[in-house]
Structure formats: structure tokens, C-alpha cells
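J.: Before I ask anything, here is the structure I am working with.
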Amino acid sequence: MLKQAIFGVAFALWVATPGDLCAQTASEPVQTETTIEVGEGAPSDDQIRVRISNLLAEIDGYDRVRVAVSQGVVRLSGEVLDNAAQDQLSTIVNRVAGVVAIENDTEISGTLEERLAPAVDRITERSRNLLVNAPIFLVAVSAFLLVALGGWALTTRIGIWSWLAPNLFIADVYRAVARIVFILLGVVLALDILNATALIGAVLGAAGVVGLALGFAVRDTVENFIASILLSLRQPFRPNDFVDIQGDVGTVARLTSRATILISPEGNHVRIPNATVFKGRIINYTRDPQRRFSFDLGVDADADLAAALATAVQALNELPFVLDTPEVGAWISEVGDSNVILTFVGWVDQEAVDFAKARGEAIRTTKTALEAAGFGLPEPIYRVRLDQPGVAPETTPSGGVPAARAAAPAESSALPDAADPTRTEDASVDAAARERAGARNEENLLDSEQKAE
């Protein structure tokens, strides 16, 4: 950026004409007449022709123009350098008193040498002007370098930005903005020394147009960058937090200047643009250490539901990882076709146990306790009845299914030897998952010391 600014100042000085650098000190010529008077009364054709010829002889580039006048009508012929010279010729002649009309029949010169001569003269004049103003140019460049390099040293060496900013990423943004301000101050100071402050407006206007075009071109990138700044300030989550962002579930690995990286439960890296994260719906499961789990189990429709609920609640309360406060909850949520659905809820400390493991162990323990207490967990049963003409269907005295068939499900509900209600499975925190989420030493805008949203 510093090299580009130096090049811009040098280019502006080179393209400036000698009058540009001294425009504020040089006096402009004063025009006292709007028309050219020739003698008294109506001028003759010879007077008009002589006056025009004398004027053109004093102006460079019109030495090959021929003038003829008849009854005040001026006819111009010959060659001029370019279209601008041709238009200027008509303007000059039109200002001569007595001219009635102008017929400009001049042609553009086809000689390459003659057409290049003015351009060579202008380049030579500007190069001479640059050499003449070389000392002041060196002073201007020195002033620019002094301000720009001084600003760079201040923004790099002084730690005030880290003190002002809430995190390292915002501190880097402050430093970048401060460096740009110092560079702009250096450019303004250099142009002021060169007495070319009129170029500041043109430079700022061009910079605005370029910035607008770049803004449209990299709109998504700029949006993600601004979102990363806001996210790093608000800190809606921390590293290793388990979150749900617009349907993407995983552990937060890091926040970069463009995207938020999640580690899914399957171990995949999920990269979400920061603009989506900032505008989207975020569920942070880790922010509150206490988290509730819930699950459903079904029991026989003719079972003692109150006893089933009490048995399950007692089993859940005996689990070491289930919190006493809030209390374990249980209720009847639905009556199905062949069973009754019971819902159970409990709370665990996510910092002490793994939530998924704890929920799974709670389901296993509750199921084992219900089965050990004689409560069947039936599967859906479908009865098929085939009626034959003249044969009554087999029924029990109560109208239900035969006793032999009714006893079959009870026999199948016997507990296997491995179903020990006193046995508990491991529900410890999965430390390996957290290590995978934070093991890589890469850019991370999340700061555990920063105040969270």
C-alpha cells in the first residue's frame, strides 16, 4: 500500500502541466473586449482579410491556412493539425468585426511528423517541469514517507490497540485502519507541499468509484468479514461448545475471518459462512452446564401405570450422574393401540458426563428396572381372526384371547441373564472429541477470556 501511494504521488506530479503547480499564484490574463474592432464604420473585405491573416500569423499551427473574404463572407482553406485547431480557427475568425459568415474548408494534416510535434513538445515541457520541481518533489515524498512510516511504527510497536480492543482480531482491524489513516495524511501533506491539493478531490473520487465497484464484486467476502468482527465481539459461543446452527450440529472448533468451523458428531468438518451464522438461528447446548434429557417407553395397557412411573423414577434417581435438582419427571404422554407411552425426563451436568452416554444409560436402566418389576414392554400386536361358516371363534370366558396364547408374551418378557438392574455403564465426558475440536493450532477469533453474549 505504501509503494502504491508513492507511485500515485509521482504520477500526479508528472501529468500535471506547469500551470497546474502554480495555478494559485499565477495571474490570469484579462479579456477587455468581446469583439475585434477594425477601423470605423463598416470594414472592407481587404481589412478583414488582413486582420485575420495577421492574427493567424501570430498563432502556432495556422501558417498553412489561406484566407479569402468576399462581401464579409470568410473562406478558409489549407491544413491544420487536428480537429481542435480547426474549431479554434472558426472561433477566432468569428470574433473579427465585419465577418458575416465563415466557410471553413480546411483539412486535417496527414503528416505524422507535424501531428506528433505538439505531443512531443508537451512531453518535453512536462519532463522539464518535473526536473525543475524535483527538489520540492523530493521534499513532498520525504514528508509522505515520514508520516506513513511513522504511522506504521506507532501501530506496530505500541500496544495501545490490544488494550482498546476486546480481542486480538479487533486489535488487528484497529491497526489496519490506523495505518490507512496515516497513509492518507501523508498523501494530503505531500500534495499540499506540491501545491496540487486540487488533485485530492479527483483522487478521492476515483477511490470512491473503485471502492464501490470492488464492494459489489466481493460483496459476500465483505459481508462475511464484517460478520466475523461482530461475532468476535459478541461471542455467541466458545471453543468446544456443542451448537446447532441452522440445522448443522457439531462442536465449535474455531472462528476464522470468513467462516465458522464445526466438528460434527461423525468427525466431519462443517464450514459455515459467518454471514449465515450471524443472521441464523443458533442453539448452544453447552452454555448452561445443566441439560435435560428425555425419552419414551411403552408398557402394557393393563399394567399399573402409577407403579411403573414410580419404579422408573426410583431407578433414574439412583443413577449417580442424574441431578437431584431439577427433579426427575415422569408422566403418561399417550395411550397407544397396544400399550401406554410413558415419558421420562432428567437433568445432567454436561461438564461432568457425556450427554449422549448419560441419556443412553438412563434409557437402559429404566427399561431394565421396569422389566425386573414385571412390567412388560410390548411390541405392537395384530390379531388375525379367520371365521369359518358354522364354527364359533375360540374365546376365553372373559372374551379375550386363549390363555395359552395370552401367556406367551409374558414368557418372552423374562429378563436375560445379562440384564442386571444394578449395573451402570460408562457416561464420562468424551475428552477425545474435545481434543479433536481444539487440537489444530490455526486462526481462531474466539477468545475464552472475552465476555460472552
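Since every read-out is calculated from the coordinates, none of them should be taken as a lab result. Note that this is a predicted model, so its numbers are computed, not measured. Positions of Cβ are backbone-derived with ideal geometry, glycine not excepted, and every protein chain shown enters the neighbour counts.
J.: Give me, ordered by chain and number, the residues 5 or more places off GLY61 or on other chains with an amide H under 5 Å from its own placed amide H.
T.: For GLY61, no residues qualify.
J.: Let me ask you something else. Of LYS279, LYS357, how do they rank once you tally other Cβ atoms within 10 Å and put the fewest first?
T.: Listing LYS279, LYS357 from fewest to most nearby Cβ atoms yields LYS279, LYS357.
J.: Please give the peptides 122-130, 51-59 ranked by average Cβ packing (other Cβ atoms within 10 Å per residue), highest first, as a rough proxy for protection.
T.: Ranking, from highest mean packing down: 51-59, 122-130.
J.: Write down the percent of antiparallel bridges among all DSSP beta bridges whose residues are both part of region 45-115, to the nearest 5.
T.: 50
J.: Once a ≥ b ≥ c are taken as the square roots of the eigenvalues of the Cα gyration tensor of region 199-238, is the result rounded (a/c under 1.5), prolate (a/b larger than b/c) or oblate (a/b not larger than b/c)?
T.: Numbers: a/c = 7.83, a/b = 2.63, b/c = 2.98.
Taking the square roots of the gyration eigenvalues as a ≥ b ≥ c, region 199-238 is oblate.
J.: How much of the calculated P(r) for region 133-285 lies past 28 Å, in percent of all Cα pairs?
T.: Values: 5087 of 11628 pairs.
Roughly 44 percent, once rounded to a whole number.
J.: Take every Cα pair under 8 Å in region 45-115 that's 6+ residues apart, average their separations, divide by the length, and report that relative contact order as a whole percent. Before the final figure, lay out each step's value.
T.: Working: 105 pairs, mean separation 22.9, N = 71.
Computed over region 45-115, the figure is 32 percent.
J.: From the phi of every residue in region 197-206, what ³J(HN,Hα) in whole Hz does the Karplus formula 6.51 cos²θ - 1.76 cosθ + 1.60 yield, where θ is phi - 60° and glycine or proline is x?
T.: Result, rounded to whole Hz: 5, 5, 6, 4, x, 5, 5, 5, x, 5.
J.: Here's a follow-up. Share of Cα-Cα pairs in region 90-144 beyond 13 Å, in percent?
T.: So the portion of pairs separated by more than 13 Å is 75 percent.
J.: Provide Rg and Dmax in Å for region 45-115, with only Cα atoms included in the calculation.
T.: 11.7, 37
J.: Next up: Shape of region 238-323 from its Cα gyration tensor (a ≥ b ≥ c, root eigenvalues): rounded if a/c is under 1.5, otherwise prolate when a/b > b/c, or oblate? It would help to have the intermediate numbers written out before the result.
T.: Details: a/c = 3.68, a/b = 2.78, b/c = 1.32.
Prolate, because a/c is 1.5 or more and a/b exceeds b/c.
J.: So, one more: Among PHE225, PHE293, rank each residue by its count of other Cβ atoms within 10 Å, from fewest to most, as a rough exposure measure.
T.: The order, fewest Cβ neighbours first, is PHE225, PHE293.
J.: Same structure again: Using modelled amide H (1.01 Å from N, peptide plane; none on Pro or chain starts), what sits under 5 Å from the amide H of GLY78, excluding residues fewer than 5 places away?
T.: The list, which skips near neighbours in sequence, is ARG66, GLU107.
J.: Taking N as the number of residues in region 238-286, what value does Rg over Cα atoms divided by 2.2 N^0.38 Å take?
T.: It is 0.98.
J.: Averaging the inverse of every distinct alpha carbon separation and then flipping it gives the Kirkwood radius. What is it for region 292-344, in angstrom units?
T.: On the way: mean 1/r = 0.0858 Å⁻¹.
In region 292-344 this quantity evaluates to 11.7 Å.
J.: Give the long-range amide H neighbours of LEU377: residues separated by 5 or more places, or on another chain, with amide H under 5 Å away, using H modelled in the peptide plane at 1.01 Å from N.
T.: Amide H neighbours of LEU377: none.
J.: Quick one: 3J(HN,Hα) in Hz for region 338-346, Karplus 6.51/-1.76/1.60 with θ = phi - 60°, rounded, Gly and Pro as x.
T.: Calculated HN-Hα couplings, in order: 10, 7, 10, 8, 10, 10, 10, 9, x Hz.
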